[in-house]
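The values are calculated or read from the model by the stated rules, or taken from the named source; none is laboratory data. Keep in mind it's a predicted model, so treat the numbers as computed, not measured. Backbone-built Cβ (ideal geometry, glycine too); neighbour counts: all protein chains shown.
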Amino acid sequence: MAADHQDDTTAATTEGPRILLYSDDVDTREQVRLGVGRRLGRGAPDIRWTETATPAAALEQAESGQFDLLVLDGEAAKVGGMALARQVKDEVYACPPVLVLTGRPQDAWLAAWSDADAVVSQPLDPVELQAAVAGLLSRTPAA
């Protein structure tokens, strides 16, 4: 019986991190997924992505408490990721870390206003993006 319990524990720890990705641009969402990759490293479990294209859906998903990281597009139309980051940091209990994507490096100060935990500017550098995601997830107990 002890072996069965051990197998259950192993199965529970092999689930990959859960990442919410918000952008109204399908190409941006694809660039993020491709830049980060399927998993954080060799032998690591697959990342479980949830994509949203509207701020209402992103907020609803963030409030669910099911995510280890939020990746928000600061250039999204109507409600950008910076405003959404500020809102979730203020309103979501035990908010996971937030990575904001900015249109240019000079916008990093705006992301700081939003209480983002990290910022990556466009054009997205896959190495920088993957490092930011891995770094934020390493600080999250559930990941």
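Condition test on Leu69, is it out of contact with any Phe, Trp or Tyr (no Cβ under 9 Å at 6 or more places or on another chain), under 18 Å from Val120 (Cα atoms) and not polar (S, T, N, Q)? Walk me through it before giving the result.
Working: out of contact with any Phe, Trp or Tyr (no Cβ under 9 Å at 6 or more places or on another chain): yes; under 18 Å from Val120 (Cα atoms): yes; not polar (S, T, N, Q): yes.
So Leu69 fits the description; yes.
State which residue is modelled with the highest pLDDT when the search covers only the stretch 26-52 and only residues that are outside any helix (DSSP H, G or I), out of contact with any strand residue (DSSP E or B) (no Cβ under 7 Å at 6 or more places or on another chain) and surrounded by 13 or more Cβ atoms within 10 Å (Cβ to Cβ). Spell out the reasoning first.
Filtering the stretch 26-52 down to residues outside any helix (DSSP H, G or I) leaves 37-52.
Adding the requirement that they be out of contact with any strand residue (DSSP E or B) (no Cβ under 7 Å at 6 or more places or on another chain) leaves 37, 40-44.
Filter once more, so that each one left must be surrounded by 13 or more Cβ atoms within 10 Å (Cβ to Cβ): 37, 40, 44.
On the way: Gly37: 95, Leu40: 91, Ala44: 90.
Taking the candidates together, the pick is Gly37.
Checking Asp107 against (1) touching a residue at least 24 places away in the same chain (Cβ under 8 Å); (2) surrounded by fewer than 18 Cβ atoms within 10 Å (Cβ to Cβ); (3) over 12 Å from Leu21 (Cα atoms), which single condition isn't satisfied?
(2)
Considering every residue within the stretch 121-133, establish whether at least one is touching a Pro at 6+ places or on another chain (Cβ under 9 Å), surrounded by 22 or more Cβ atoms within 10 Å (Cβ to Cβ) and farther than 29 Å from Pro45 by Cβ.
Taking every residue of the stretch 121-133 in turn, none turns out to be touching a Pro at 6+ places or on another chain (Cβ under 9 Å), surrounded by 22 or more Cβ atoms within 10 Å (Cβ to Cβ) and farther than 29 Å from Pro45 by Cβ.
Which of (1) out of contact with any strand residue (DSSP E or B) (no Cβ under 6 Å at 6 or more places or on another chain); (2) closer than 14 Å to Gly35 by Cβ; (3) among the polar types (S, T, N, Q) is the odd one out, the single condition Ser138 does not satisfy?
(2)
So which residues in the stretch 60-83 are hydrophobic (A, V, I, L, M, F, W, C), assigned to a helix (DSSP H, G or I) and modelled with pLDDT under 95, if there are any at all? Please lay out each step first, then the result.
Applying the first criterion (hydrophobic (A, V, I, L, M, F, W, C)) to the stretch 60-83 yields 62, 67, 69-72, 76-77, 79, 82-83.
Then drop every residue that is not assigned to a helix (DSSP H, G or I), which leaves 62, 82-83.
If the condition is that a residue be hydrophobic (A, V, I, L, M, F, W, C), assigned to a helix (DSSP H, G or I) and modelled with pLDDT under 95, then Met82, Ala83 are the ones that fit.
For the stretch 56-69, indicate whether the set of residues that are under 19 Å from Leu137 (Cα atoms), crowded, with 18+ Cβ neighbours inside 10 Å and among the polar types (S, T, N, Q) is non-empty.
The answer is yes, given that some residue of the stretch 56-69 is under 19 Å from Leu137 (Cα atoms), crowded, with 18+ Cβ neighbours inside 10 Å and among the polar types (S, T, N, Q).
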